[in-house]
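Presented below is the structure to which this report refers.
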Amino acid sequence: MYPCSNPELVAAVSEAGGIGVLQPVSLTFVHGYEFAAGLHYMRSLTQRPLGMNVLLESSSRIYRRRMEQWLSTALAQGVRFFVTSLGNPRWVVARVSEVDGVVYHDVTERKWADKALAAGAHGLIAVNNRAGGHAGPRSAEQLIEELQPLGLPVICAGGIATASDFARALAIGYDAVQLGTRLIATTECTASDAYKAAIVAAGEDDIVLSERITGVPLAVIRTPYVERVGTRAGPVARWLLRGRSTKYWLRNFYAVRSALQLRKASLDPKSSRDFWQAGKSVEGITSVETVARVLQDFASHL
Ligand SMILES: Cc1cc2nc3c(=O)[nH]c(=O)nc-3n(C[C@H](O)[C@H](O)[C@H](O)COP(=O)(O)O)c2cc1C
């Protein structure tokens, strides 16, 4: 999770029996680690398996080269589980399969799953309409029905906060769950106390989709700041997003600006912009807990 995946949080998830997934831009740009050193630090906190998120979207060649280097370093340090999102995972599958690792691809509907299958992905992460981050258009029930026939393992992402949410996801056919919002409201996450308190206080109706940060709808808590600035991209931005070349430049501009804004809003206790990403799973989150407590509670329902 950008920018909330501090290394202590990722390691705590693995140590508690899940697979903590590191986000390389978060690790380096937000939390200030040189990539290999950050991974080494996480390894000092847990010997258990770690995963890595490979974001594929950017059309910048420099970014792609950097991601390839991060992937090589992660493979060299023994990471074998990768979560790809926002593009075609083929090159990641090719590299990871050489060492018998696995790649699970984030999908929001069947057409992306077909592409992931054709690219050789080993599993699917079904991002539903309750998810934090870039939520999909479908419910968890619709997604499992669409994706199960493909024969790959399917993970439910979105709306999982409690052990009974977890049990329900398994009962309708999912093989596992991916947690986002629930893990921000933990003692190990270094997000600001105000952000964690807002997650605890919010109900599902307080989650709105905003285009104002990344240019595409992002699930955030409706705070006074969000109400003040609105959730739609301005008319000029919308016009630029329609043109092919202007869209490219605007997306790159958004990528840099949103990285800076989210970092400040999520981690800096003095930020005046309460712009906080969260999914509808806020409904079931009633306190800040340790990661171990959250995962033990889930495990007790297996
Ligand atoms: C603050 C935040 C940041 C996120 N950043 C990323 C990211 O960098 N890459 C990604 O693939 N998914 C990202 N996600 C989506 C999560 O991986 C996950 O699919 C989603 O949070 C699940 O929904 P939940 O929040 O209801 O648990 C993010 C979610 C949140 C809440």
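Please specify each residue of segment 197-207 satisfying the condition of being more than 17 Å from the chain's Cα centre (by Cα) and crowded, with 16+ Cβ neighbours inside 10 Å. Step through it out loud before you land on a result.
If we filter segment 197-207 for residues that are more than 17 Å from the chain's Cα centre (by Cα), which is where we start, we get 197-198, 200-206.
Of everything in segment 197-207, those that are more than 17 Å from the chain's Cα centre (by Cα) and crowded, with 16+ Cβ neighbours inside 10 Å turn out to be A198, A202, D206.
In segment 157-193, the residue that is surrounded by the most Cβ atoms within 10 Å (Cβ to Cβ) out of those that are closer than 19 Å to G136 by Cα and among the hydroxyl-bearing types (S, T, Y) is T181.
With respect to being crowded, with 18+ Cβ neighbours inside 10 Å, within 20 Å of M1 (Cβ to Cβ), of a type in the set (S, T, Y) and within 15 Å of the ligand (Cβ to nearest atom), Y63 falls outside the description.
Within segment 16-40, the set of residues being within 30 Å of S300 (Cβ to Cβ) and among the aliphatic types (A, V, I, L, M) comprises A16, I19, V21, L22. Checked against (1) touching a His at 6+ places or on another chain (Cβ under 7 Å); (2) more than 15 Å from the ligand (Cβ to nearest atom); (3) closer than 25 Å to L218 by Cβ, V102 passes all but condition (3). Here the helices (runs of 4 or more DSSP H) wholly within segment 215-302 that include at least 3 residues being at pLDDT 95 or above and within 24 Å of the chain's Cα centre (by Cα) are 291-299. Against the test of being within 16 Å of the ligand (Cβ to nearest atom), in contact with a Ser or Thr (Cβ under 8 Å, 6 or more places away or on another chain) and over 26 Å from R222 (Cα atoms), the options A121, A113 yield a single qualifying residue, A121.
The numbered conditions (1) closer than 29 Å to G120 by Cα; (2) more than 10 Å from the ligand (Cβ to nearest atom) are all true for L209 except (1).
I need a count of the residues in segment 117-139 that are on the phi < 0 side of the Ramachandran plot and surrounded by fewer than 24 Cβ atoms within 10 Å (Cβ to Cβ). Steps first, answer last, please.
Pass one, segment 117-139, residues on the phi < 0 side of the Ramachandran plot: 117-119, 121-132, 134-139.
From what's left, surrounded by fewer than 24 Cβ atoms within 10 Å (Cβ to Cβ): 117-119, 122-123, 129, 134-139.
Final tally of qualifying residues: 12.
The condition of being within 20 Å of the chain's Cα centre (by Cα), modelled with pLDDT under 95 and not β-branched (V, I, T) holds for only one of A161, A135, that being A135.
The values are calculated or read from the model by the stated rules, or taken from the named source; none is laboratory data. The model shown is predicted, which means the values in this text are computed figures rather than measured ones. Note that each Cβ is placed from the backbone with ideal geometry, even for glycine, and that neighbours are counted across all protein chains shown.
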